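The values are calculated or read from the model by the stated rules, or taken from the named source; none is laboratory data. Only a predicted model underlies this, so the values are computations on that prediction, with no experimental measurement involved. Using ideal geometry, Cβ is built from the backbone for each residue, glycine included, and neighbour counts are taken over all protein chains shown.
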Amino acid sequence: MDTVNVGVVGCGNISGIYFQNIAAYRGLRLAACADLRHEAARAQAERYGIDAMPVEDLLARADIDLVVNLTVPGAHFGVSMAALRAGKHVFSEKPLTVDVEQGRALVDEAEARGLRLGCAPDTFLGAGGRLARRLVDEGAVGRILSGTAFLMSHGMEHWHPDPEFFFKPGGGPILDMAPYYLGTLVNLIGPVRRVSAMAGIGFPERVVTADSPRRGHRITVETPTTVMALLEFASGAQVTFCMSWDVWKHGHPPIELYGTEGSMRVPDPNFFGGAVELTERGGDWRTMDAGGLPLGVPNWRSPAWPAEAPSRANYRALGLADLASAVLHGTPHRSTGRLALHVLEVMHAILESAAGGQPVAIATAPERPAALEDAEAAKLWKGLPEAASAA
Ligand SMILES: NC(=O)c1ccc[n+]([C@@H]2O[C@H](COP(=O)([O-])OP(=O)(O)OC[C@H]3O[C@@H](n4cnc5c(N)ncnc54)[C@H](O)[C@@H]3O)[C@@H](O)[C@H]2O)c1
């Protein structure tokens, strides 16, 4: 066997980049797709020359080896568990599940069945994440003592057509965006062992300004939109971790790390490319662009962005290709269910600490994933068919 047959469940917003990129990675073959909204599945199926079918039929198909779960977070557990019970490997969009116990049940089920469970984010495997990891492993900044992580903006209501769920329990900047930052930090520093946090709601009401049928709709905010946390890692490193949708503008880089020998700025963990900035002790910042490395070339821009915003590297499905390669070669994969479960536990602990006013200890402690070398990453990518790359 040199190819893993993929069935995609969930054909909404994020599915476009998955369908496009799955065709561009080695070891993956698109076989079928499903969605509760059959017309959404049919549209993707027609575009990619595959079959659209009900979820149960997709899970019953003997020729499908791996299910990619791109449904909404509330459906992640049900779809992933059903796929594992049907004997399929699973790769899920983030978060692994909404609640920690369900995430643990998925990890246990996969391990008991000898199946692979993977989960986004896989951005840390992109060119920017790999460059940062190599520099850390080579000791470029020495032992990491502390750092900062910032995701701050003014929310989602100006671009998302139906942003209500972002402001209700289960939404908020932690559950939606922290997986990218936590995945990257754990990949660089190792697991988190304790968190402490405060949170608030900056604007009790939001008004949808996106150009959509919901424009003008008022949303009552019911989940914290500013969360300030302190993370203590098992290594002893301490990181200030701020996620907010209440900020109009700021000047903080996404992630800065301070080591015994120097400092490092890690590229935006929501993307696969970017530049690492490095100083040795108190020297000047040195910029090292990952744009020339495999899976670092900018290839995508959001239709929601203003014209002056730069295009970015978006190689989503890289963790999926790594998982497929691991299935084919019997090696470990990197964006694992265990890593995603740790990220999920940390996110819930942050919210729990903010609500209760006490530090919260973290029980899970996964190993850092093995580093992905540039040559291995290059081998996974065969490139987009010409028609798709021109689109
Ligand atoms: N949209 C983005 O930019 C983005 C980026 C990164 C990650 N994600 C993640 O991807 C996932 C999907 O997000 P989205 O924006 O594509 O959402 P979406 O609402 O646009 O699409 C989700 C699709 O899943 C289908 N669905 C829901 N429950 C289902 C079920 N039980 N069985 C079959 N189909 C079901 C829905 O009908 C819908 O078409 C989320 O976990 C989100 O966090 C989204």
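Annotation: Cys33 fulfils all but one of (1) farther than 22 Å from Asn314 by Cβ; (2) part of a strand (DSSP E or B); the unmet one is (1). Total residues in segment 322-350 satisfying the condition of being in a helix (DSSP H, G or I) and either free of Cβ contacts under 8 Å to residues at least 40 places away in the same chain or under 16 Å from Lys94 (Cβ atoms) (or both): the figure is 16.
Evaluate segment 182-202: report whether one residue or more is on the phi > 0 side of the Ramachandran plot, of a type outside the set (D, E, K, R) and within 19 Å of the chain's Cα centre (by Cα). Yes; the residues of segment 182-202 include at least one that is on the phi > 0 side of the Ramachandran plot, of a type outside the set (D, E, K, R) and within 19 Å of the chain's Cα centre (by Cα). Quick check: anything in segment 135-149 within 26 Å of Leu293 (Cα to Cα), part of a loop (DSSP other than H, G, I, E, B) and acidic (Asp, Glu)? Yes - at least one qualifying residue is present in segment 135-149. Quick check: is even one residue across segment 230-240 surrounded by 21 or more Cβ atoms within 10 Å (Cβ to Cβ) and in contact with a His (Cβ under 8 Å, 6 or more places away or on another chain)? Scanning segment 230-240 turns up no residue that is surrounded by 21 or more Cβ atoms within 10 Å (Cβ to Cβ) and in contact with a His (Cβ under 8 Å, 6 or more places away or on another chain).
Out of segment 29-57, which residues are within 10 Å of the ligand (Cβ to nearest atom) and either in contact with a Leu (Cβ under 7 Å, 6 or more places away or on another chain) or under 25 Å from His329 (Cα atoms) (or both)? Within segment 29-57, just Ala34 meets the criteria.
Residues that are in a loop (DSSP other than H, G, I, E, B), over 24 Å from the mean Cα position of the chain (by Cα) and in contact (Cβ under 8 Å) with a residue 24 or more places away in the chain: does segment 268-285 have at least one? So far as segment 268-285 goes, no, none of its residues is in a loop (DSSP other than H, G, I, E, B), over 24 Å from the mean Cα position of the chain (by Cα) and in contact (Cβ under 8 Å) with a residue 24 or more places away in the chain.
Where residues in segment 1-28 are within 17 Å of Val79 (Cα to Cα) and touching a strand residue (DSSP E or B) at 6+ places or on another chain (Cβ under 8 Å), which of them is nearest to the ligand (Cβ to nearest atom)? Going through the qualifying residues, I end up with Gly10.
Scanning segment 142-185 for residues being away from the ligand (no atom under 16 Å from the Cβ) and surrounded by fewer than 23 Cβ atoms within 10 Å (Cβ to Cβ) gives a total of 8. Please give the number of the condition Ala112 fails out of (1) assigned to a helix (DSSP H, G or I); (2) touching a residue at least 24 places away in the same chain (Cβ under 8 Å); (3) not polar (S, T, N, Q). Single failed check for Ala112: (2). If I filter segment 95-116 for residues that are over 22 Å from Pro267 (Cα atoms), crowded, with 24+ Cβ neighbours inside 10 Å and either more than 20 Å from the chain's Cα centre (by Cα) or charged (D, E, K, R) (or both), do I get at least one hit? Taking every residue of segment 95-116 in turn, none turns out to be over 22 Å from Pro267 (Cα atoms), crowded, with 24+ Cβ neighbours inside 10 Å and either more than 20 Å from the chain's Cα centre (by Cα) or charged (D, E, K, R) (or both). Applying the criterion of being in a loop (DSSP other than H, G, I, E, B), of a type outside the set (A, V, I, L, M, F, W, C) and within 11 Å of the ligand (Cβ to nearest atom) to the residues of segment 67-109, the residue that is nearest to Ala52 (Cα to Cα) is Thr71. For segment 49-87, a residue qualifies if it is closer than 19 Å to Leu28 by Cβ, within 25 Å of the chain's Cα centre (by Cα) and surrounded by fewer than 15 Cβ atoms within 10 Å (Cβ to Cβ), and exactly one does: Gly87. Scanning segment 311-321 for residues that are modelled with pLDDT of 95 or more and either part of a helix (DSSP H, G or I) or not small (Gly, Ala, Ser) (or both) yields a count of 6.
For Val79, the stated conditions hold: it is touching a residue at least 40 places away in the same chain (Cβ under 8 Å), among the β-branched types (Val, Ile, Thr), closer than 26 Å to Leu341 by Cα and touching a Ser or Thr at 6+ places or on another chain (Cβ under 8 Å). Residues considered: Val207, Val192, Val221. Of these, the only one that is under 28 Å from Asp137 (Cα atoms) and out of contact with any His (no Cβ under 6 Å at 6 or more places or on another chain) is Val192.
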